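Report on one structure; see the data block that follows.
Read-outs: derived from the displayed coordinates by stated rules, not from any lab. These figures come from a predicted structure and were not determined experimentally. Glycine gets a Cβ as well: all are built from the backbone with ideal geometry, and neighbour counts include every protein chain shown.
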Amino acid sequence: MDDELNVTYITLDGHVEVHKYRYAYFFIMFTAYILIICFNYTIVYLIWTHKSLHEPMYIFIAALLLNSVLFSTAMYPKLLIDYLSETQIISYSACLFQFFLCYTLCGTEFLLLAAMAYDRYVSICKPLQYTTIMTKTTVNILLVLAWILPACQTAVPVILSADVKLCNLTLKGIFCNNSIYSLHCVISKARSVYGYVALLNFALFPMLFILFTYTRILVISYKSSREVRAKAVQTCLPHLLVLISFSCLCAYDVIIVRLGSDFPKTVRLIMTLQTVLYHPLFNPIIYGLKMKEISKHLKRLFCQAKLI
């Protein structure tokens, strides 16, 4: 009983007329969550079961799609519970855990996209050295680092925030993101600096690396044959589309904290929903339609399903 009394609860104040449209919200988000799981796991299943797709590029795609499912699972169950609840609250410890999952998986997304860009760079710019550079060990190391490094770096501000004094118990959002710092009585300069360093490490630097590799690919492709140019467009375009969409949504997450209350509540909700709705659905569709080998196996899967 004493433990329950000592729990600090945060009110999630980012919902718009949730009591009026609770069942509509629930139906839309529940449907979206099921579609996210089905779409992403279908592509992962195809990559897992077909040996022709057991290449670094497709392994990184599978990891990226699994990461999207993990991100959605960190958000959707709590959102669905909130839509059916009279009050939208979350304990401070659970809020910190959601914050940790959110930014760990976002950092992982950028690092996986950077690994995919490096894979394409080696494949197109150094084709003779590809098999010796992109070995199974190299791929495994890149995958492990993509999840471990963001987790370690995100754990630091979470640990530092665990015992801070809260002067505000209302969060202007529907889940726990950077806005959690607005609850603190004192804004720590050290924590703010650390946040900028983390942003550089797991967003800006990977983006600069990706832009550098794709610039090199563009230059090499322009000087090469039509076949090389076609291969570059076919394999790099989906990655660039995913990078652009994800970067825009992450930029919004950073900007929204700076603007604070100046941002209209309805617009804030729409943009926030896009981060949990649009991107996890967008990834498997892009890779399913734009990656020739995946698209081929996807068509076969649906043809078999129709025959059954």
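Any idea what the dipole of the range 35-146 comes to, in debye rounded to 20, about its Cα centre with Lys/Arg Cβ at +1 and Asp/Glu Cβ at -1?
Values: 5 positive and 5 negative charges, 83 e Å.
Roughly 400 debye for the range 35-146.
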Exercise for the section: Could you pull out the trypsin sites (Lys or Arg not before Pro) across the range 84-182 that fall in loop regions by DSSP (anything but H, G, I, E, B) with no more than 10 other Cβ atoms inside 10 Å? Expected result: Lys165
Practice task
Mind computing the radius of gyration and Dmax over the alpha-carbon atoms of the range 143-184? Å is fine for both.
Solution key: 12.9, 40
Completion exercise
Bounding extents of the range 30-87 in its principal axis frame from Cα atoms, largest first in Å, are 51, 15, 11
Exercise for the section: In whole Å, largest first, what are the principal axis extents of the Cα atoms in the range 116-211? Expected result: 60, 26, 24
Practice task
Note the angle between two axes, namely the Cα long axis of helix 56-83 and the longest principal axis of the Cα atoms of the chain, as a number of degrees from 0 to 90, rounded to the nearest 10.
Solution key: 20 degrees
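Normalised by the residues of the range 131-257, what does the relative contact order come to in percent, with Cα pairs under 8 Å and at least six apart? Before the final figure, lay out the partial values.
On the way: 42 pairs, mean separation 25.5, N = 127.
Once divided by the residue count of the range 131-257, the mean separation gives 20 percent.
If I take all pairs of Cα atoms in the chain, what percentage of them are more than 36 Å from each other?
Details: 11467 of 47278 pairs.
Percent of Cα pairs beyond 36 Å in the chain: 24.
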Completion exercise
Exposed GluC sites (Glu not before Pro) being those in a DSSP loop with at most 15 other Cβ atoms within 10 Å, the longest stretch of the chain free of them is 87-308
Handout entry: Unmatched cysteines, the chain - criterion: no other Cβ of a Cys under 4.7 angstrom
Key = Cys38, Cys102, Cys106, Cys125, Cys152, Cys236, Cys248, Cys250, Cys303
Fill in the blank from the handout: To the nearest 10 degrees, the tilt of helix 189-199 (Cα long axis) against the first principal axis of the alpha carbons of the chain is 20 degrees
Fill in the blank from the handout: For the chain, averaging the sequence separation of alpha carbon pairs under 8 Å that lie six or more residues apart and dividing by its residue count, the contact order in percent is 27 percent
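Tell me the mean residue ellipticity at 222 nm calculated for the chain from its helices only (DSSP H runs of n ≥ 4, each -39500 (n - 2.57), averaged over every residue, nearest 500). Working shown, then result.
Details: 11 runs with 234 residues, N = 308.
Taken over the chain, the calculation gives -26500 deg cm²/dmol.
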Problem - Dipole of the chain [Lys/Arg +1, Asp/Glu -1 at C-beta], most positive-end residue of Val122, Ser225, Pro284 - result: Ser225
Handout entry: Euclidean distance of C-alpha centroids, the range 141-184 and the range 235-252, integer Å
Key = 23 Å
Exercise for the section: Determine the relative contact order of the range 1-105: mean sequence separation of Cα pairs under 8 Å and six or more apart, normalised by residue count, in whole percent. Expected result: 45 percent
Fill in the blank from the handout: Distance in nm between Ala155 and Ser91 label points, each 7 Å along Cα→Cβ, equals 2.1 nm
